[in-house]
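The values are calculated or read from the model by the stated rules, or taken from the named source; none is laboratory data. Not measured: the values here are computed from a predicted model. No Cβ is skipped: glycine too gets one built from the backbone with ideal geometry, and neighbour counts run over all protein chains shown. Remember, those area values only see protein heavy atoms, side chains included, never the ligands or the DNA or RNA. Shrake-Rupley method; radii C 1.70, N 1.55, O 1.52, S 1.80 Å.
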Amino acid sequence: MNMLNYCYPFNFKAIKAFVSLGWLVLLVCKPVLAQAPTTELNSITRQRISINKDWRFYKYDSIAKADDLIYDVRPKIKEHKDDIPADAKPTKTVNVEAQQKVLKPWILPTGNDFINDPAKRYTRPDGNPGDDFPFVQSNFDDSSWESVNLPHDWAIKGSFLQGPNAEVGGGMGRLPSPGVAWYRKKFNILASDEDKCIFLDVDGAMSYAIVWLNSKLVGGWPYGYASWRVDLTPYIVPGGENQLAIRLDNPPNSARWYPGGGIYRNVWLTKTNPIHVGQWGTFVTTRDVSEISATINLEVTIDNDSRDNATVRAITQIFALDTDGIKTSDAVAAFAPLTTTVAAGEKTKVESSVILKNPRLWGPPPTQVPNLYLAVTTLWQHDKPIDQYETRFGIRSLRFDPDAGIYVNGEHIKLKGVNQHHDLGALGAAFNTRAAERQLEILREMGCNAIRTAHNPPAPELLELTDRMGFLVMDESFDVWVRKKTPLDFHLIFPDWYEQDLRALVRRDRNYPSVIIWSFGNEVGEQYTGEKGAALAKRLYDIVREEDPTRPTTSAMNWAKPFMPLPDVLDIISLNYQGEGIRQAPEFEGTKRIHTKPQYFAFHEQFPDKVILSSETASALSSRGVYLFPVTQKISDIVRDGSGGDSKLRHVSAYELYAVDFGSSADKVFSSVERHPFVAGEFVWTGWDYIGEPTPYYESRSSYSGIIDLAGFKKDRFYLYQSHWRPELPMAHILPHWNWPEPVGKITPVHVFTSGDEAELFLNGKSLGRKKKAQYEYRLRWDDVKYKPGELKVVAYKNGQKWAENVVKTTGEPVRVEASADRSEIRADGIDLAFITVRVTDKNGLTVPRANNPIKFEIDGSGEIVATDNGDPTNFVPFPSHVREAFNGLALVIIRSKPGNSGPITVTAKSPGLKTAQVVVISR
Ligand code: GAL
């Protein structure tokens, strides 16, 4: 037993406090089903305190100038190349031996709870590296350091690093995310907390976090996407001020996209009694689920961090939650009380089940409702409550059918999914619940029902949202294993940390009903290493199954074929692009790059018992509102200059027919998924644009693959997906815009996306013909329209009946700016956001589609401007700028409330020569 993980002895003062607070009443009745005053009890037995506010932050000018309190040495980088094609073959690890003192031996023990074999756990060496370093001392004067609140992304404010030899290139988003930085914070601990266990819970810090408290090295965690805990208890000074110092070290060339930098997710202090429910210490599973009844199983892990053996009783009640997350006043069920003895310094698991009658099931809208429940577990010792722990969960049945896909509560649900990176556009990696909710809302409007967290653990709050909103989630842990994709990526820590990172992810996320599939890899290099790679996959697979035997497990494959050993290991076959076939154009004949015939049938034949899905499809590219000519006659084409692309402008045509070399248009994917009805569905690459990986133009800052641009504006593709994914929604959408200065009479193809089955197009009232979708056709195209200014109108039909209309008009010159907020009221908590869309319009209020007028934003009242954007991947104006030009008629300004400051917030958008716009948002 490592003494450093040991809490101070249990003190009976705490018990006296409970008694004096009237808990005897509870003890006498101890009514299992009666209402328990959980919140009050919770604050006595356990506290989870947000410590996001008021940190001091310092980042070294350069990595070369940073201190040497490093986790480990890293290989030297020979070339700063970050435009490696996404599907390039991963390469071998370069091993380096440390010639200097490194802190890794002191950090590794932090993960001990996630290493199953006790013999493999780490013992902390003697000594306290760094204890004499000024930044960890409580008397160090950090007043000149920047004041920041968390979540904080140190790189998002820019500036963008431009040019071909920039230190951070397009791949990582041209923002200064690499570097070494420190965060410091003082906090008080009451003298009465002297007998408590005090943990620091970090939801995510990018990356190689090392924590000191009161100048003592506590521990740390290298993987930037992991959520982790260090035990501060042995270093706490009760009854006084405590100094926390966290060092982060974000390597260059460590990602294929923008990772962000800093403590970019929430941070908490958790206080418990020495005997308490362990970290992520409950596991709720459900079986025999129907609308009549469900069996709910609960495992509770109890940690005894005291010096005495303890006999503990665990009582768990279940409450229903309403749509606002408020629990019913009365419990709807309770588990039989469990009594167990936990040895000092040990953990014990107790398990019990209960049958719930008439459960309200969790399932994806629109056909189902994402109902949630809350299990409230109270630990009792000597008839006194010593801990209370809440677990949100849902009751649902999942069935994976190799011939049809996925059934949720008996209903066949086709995956209409998207991949999402963790960044939130102009807000960067710094997590914000409202920003993530907005992403999901817009995806939902499109008909999306599933998210893949490409390619790493998401913020826990994202899964709270997917639970509440009813999205299905493929929860993914890694982009690389031992073989590397970039010189300093996760492969450097994989051998030491894969078990801890994987167990931590599954333990954290296994109670979210929205999580339906675990993925432990994406296009990993081990696809290429035969039996060896498969053996490693099996090791990872077993870890996931040990932590959660209820969900299927997979790893996404862009290269492995049915006859190779890796897919054999997996429960689900997840294909990236292979279903449609990769690089099938004649120009790829004989290329060394991956080129593959369509693989759905081959995999289905080889694995008739496994569900097949596409974890990545499309990688179709476009710039919102940019239309380039000529337009390909194919249903899917690769981007080249003159074929959907313009490398000078660095834009890709929004006719939505062009994809990366290994990808396919949405139309082609729809057709291939429909032709293989056993396929469970798809996750499109990507739902939203993200920072970094601007294929095919690495001079840019952000991706082109999103269906929605970085600012949250819908590309035309949005309507293509909506027409296919929401067939019941009457809609029609015309592209392109109708503002062409070029000579009248030029051929300007018009395409229509509609959930109808046929449509008639009119130009200035004259019919250009009625067209019907053939089977496996998803758009209607009038490819020989001669441009004439005026009005394009489409009337769509379904089953012969009029179904929907859409009109696009040639606009006049820009005359004014118009602004509208996504919500008229936000919370005055200093966290909530409003997203304001600004349009440049003509005299009739029509958005001028090619307008790029500069707009200046001003704000008045109880809010502040956090960022602006316009969704243009080539735009290098820093995100915090209050001036931004419109991109194809649109710009976005993101405002945040000021804490505790109710009242109106007025945002003004001005542009020279145009009428000013104003919008008011109430902060309450
Ligand atoms: C895939 C990869 C994704 C992304 C995408 C871009 O090969 O898995 O992470 O890089 O390509 O098209």
Practice problem: Give the number of residues within the range 539-589 that are outside any loop (DSSP other than H, G, I, E, B) and either open to solvent by 20 Å² or more (accessible area, probe 1.4 Å) or among the aromatic types (Phe, Trp, Tyr) (or both). | Solution: 11
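If you take the residues in the range 444-464 that are outside any loop (DSSP other than H, G, I, E, B) and either modelled with pLDDT under 95 or within 25 Å of Thr754 (Cα to Cα) (or both), which one is nearest to the ligand (Cβ to nearest atom)? Lay out the reasoning, then the answer.
Within the range 444-464, the subset outside any loop (DSSP other than H, G, I, E, B) is 444-446, 450-453, 460-464.
Applying the additional criterion that residues be either modelled with pLDDT under 95 or within 25 Å of Thr754 (Cα to Cα) (or both) yields 444-446, 450-451.
Numbers: Arg444: 23, Glu445: 24, Met446: 20, Ala450: 17, Ile451: 15 Å.
Selected residue: Ile451.
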Quiz item: Residues in the range 394-410: is at least one within 16 Å of the ligand (Cβ to nearest atom) and without any contact (Cβ under 8 Å) to a residue 40 or more places away in the chain?
Solution: no
Quiz item: What pairs can you find where one residue is in the range 243-260 and under 16 Å from Trp182 (Cβ atoms) and away from the ligand (no atom under 16 Å from the Cβ), the other is open to solvent by less than 10 Å² (accessible area, probe 1.4 Å) and of a type in the set (D, E, K, R), and their Cβ atoms are less than 6 Å apart, with a gap of 6+ or different chains?
Solution: Ala245/Arg184
Quiz item: Here are Thr377, Thr391, Thr328: which of them is of a type in the set (Ser, Thr, Tyr), more than 22 Å from Val515 (Cα to Cα), touching a Leu at 6+ places or on another chain (Cβ under 9 Å) and open to solvent by less than 10 Å² (accessible area, probe 1.4 Å)?
Solution: Thr377
Quiz item: Out of all the residues in the range 552-568, is one or more under 22 Å from Pro458 (Cβ atoms), within 16 Å of the ligand (Cβ to nearest atom), of a type in the set (Phe, Trp, Tyr) and in contact with an Asp or Glu (Cβ under 8 Å, 6 or more places away or on another chain)?
Solution: no
Practice problem: Only one of these is in contact with a helix residue (DSSP H, G or I) (Cβ under 6 Å, 6 or more places away or on another chain), more than 14 Å from the ligand (Cβ to nearest atom) and β-branched (Val, Ile, Thr): Val673, Val679. Name it. | Solution: Val679
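Got at least one residue in the range 887-901 being part of a loop (DSSP other than H, G, I, E, B) and open to solvent by less than 20 Å² (accessible area, probe 1.4 Å)? Steps first, please.
Residues of the range 887-901 that are part of a loop (DSSP other than H, G, I, E, B), as a first pass: 888-889, 898-901.
When the remaining residues are screened for being open to solvent by less than 20 Å² (accessible area, probe 1.4 Å), the result is 889.
Looking for residues that are part of a loop (DSSP other than H, G, I, E, B) and open to solvent by less than 20 Å² (accessible area, probe 1.4 Å), one finds at least one in the range 887-901, hence yes.
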Exercise. Please enumerate the residues belonging to the range 387-416 that are outside any strand (DSSP E or B), more than 11 Å from Val611 (Cα to Cα) and not small (Gly, Ala, Ser).
Key: Ile395, Arg396, Asn409, Lys414
Quiz item: Out of (1) in a helix (DSSP H, G or I); (2) out of contact with any helix residue (DSSP H, G or I) (no Cβ under 6 Å at 6 or more places or on another chain), the odd one out for Leu488 is which?
Solution: (1)
Quiz item: Listed residues Arg583, Arg624, Arg593; which is within 30 Å of Pro849 (Cβ to Cβ) and among the basic types (Lys, Arg)?
Solution: Arg624
Exercise. Output the number of residues of the range 484-508 satisfying the condition of being within 24 Å of Pro178 (Cα to Cα) and either open to solvent by less than 20 Å² (accessible area, probe 1.4 Å) or of a type in the set (Phe, Trp, Tyr) (or both).
Key: 10
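Can you say whether Asn799 is more than 24 Å from Phe431 (Cα to Cα) and open to solvent by 60 Å² or more (accessible area, probe 1.4 Å), as far as the supplied structure shows? Give the derivation first.
On the way: more than 24 Å from Phe431 (Cα to Cα): yes; open to solvent by 60 Å² or more (accessible area, probe 1.4 Å): yes.
It is true that Asn799 is more than 24 Å from Phe431 (Cα to Cα) and open to solvent by 60 Å² or more (accessible area, probe 1.4 Å).
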Practice problem: Looking only at the range 465-483, decide whether some residue is open to solvent by 20 Å² or more (accessible area, probe 1.4 Å) and assigned to a strand (DSSP E or B). | Solution: no
Quiz item: If we scan the range 149-158, do we find a residue that is among the acidic types (Asp, Glu) and either surrounded by fewer than 24 Cβ atoms within 10 Å (Cβ to Cβ) or more than 26 Å from Asn242 (Cβ to Cβ) (or both)?
Solution: no
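Regarding Gln500, is this residue among the polar types (S, T, N, Q), more than 16 Å from the ligand (Cβ to nearest atom), modelled with pLDDT of 95 or more and not in a loop (DSSP other than H, G, I, E, B)?
On the way: among the polar types (S, T, N, Q): yes; more than 16 Å from the ligand (Cβ to nearest atom): yes; modelled with pLDDT of 95 or more: yes; not in a loop (DSSP other than H, G, I, E, B): yes.
The answer is yes for Gln500.
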Exercise. Six or more apart or on different chains, Cβ under 9 Å: which pairs go from a residue in the range 660-686 that's at positive phi and open to solvent by less than 10 Å² (accessible area, probe 1.4 Å) to one that's more than 16 Å from the ligand (Cβ to nearest atom) and of a type in the set (Val, Ile, Thr)? Could you list them?
Key: Gly681/Ile406; Gly681/Ile413; Gly681/Val673
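What strands (runs of 3 or more DSSP E) lie completely within the range 209-273 and have 2 or more residues being farther than 28 Å from Ala155 by Cβ and open to solvent by less than 10 Å² (accessible area, probe 1.4 Å)?
In the range 209-273, 267-272 are the strands (runs of 3 or more DSSP E) which contain 2 or more residues that are farther than 28 Å from Ala155 by Cβ and open to solvent by less than 10 Å² (accessible area, probe 1.4 Å).
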Practice problem: Go through (1) buried (at least 19 other Cβ atoms within 10 Å of the Cβ); (2) of a type in the set (Val, Ile, Thr); (3) part of a loop (DSSP other than H, G, I, E, B) one by one and return the number of the condition Val838 breaks. | Solution: (3)
Quiz item: Based on what the data block shows, is Val300 open to solvent by less than 10 Å² (accessible area, probe 1.4 Å), among the β-branched types (Val, Ile, Thr), farther than 27 Å from Asp67 by Cα and part of a strand (DSSP E or B)?
Solution: yes
Practice problem: Tell me which residues, restricted to the range 63-77, are part of a loop (DSSP other than H, G, I, E, B), open to solvent by 40 Å² or more (accessible area, probe 1.4 Å) and either touching a residue at least 40 places away in the same chain (Cβ under 8 Å) or within 16 Å of the ligand (Cβ to nearest atom) (or both). | Solution: Asp72, Arg74, Ile77
Quiz item: Residues in the range 609-627: is at least one more than 26 Å from Tyr719 (Cβ to Cβ), touching a residue at least 40 places away in the same chain (Cβ under 8 Å) and either open to solvent by 20 Å² or more (accessible area, probe 1.4 Å) or touching a Lys or Arg at 6+ places or on another chain (Cβ under 7 Å) (or both)?
Solution: yes
Quiz item: Applying the selection to the range 690-703, what residues are within 14 Å of the ligand (Cβ to nearest atom), in contact with a Pro (Cβ under 8 Å, 6 or more places away or on another chain) and open to solvent by 10 Å² or more (accessible area, probe 1.4 Å)?
Solution: Thr695, Tyr697
Quiz prompt | the range 592-608: number of residues that are open to solvent by less than 70 Å² (accessible area, probe 1.4 Å) and within 16 Å of the ligand (Cβ to nearest atom) | solution = 3
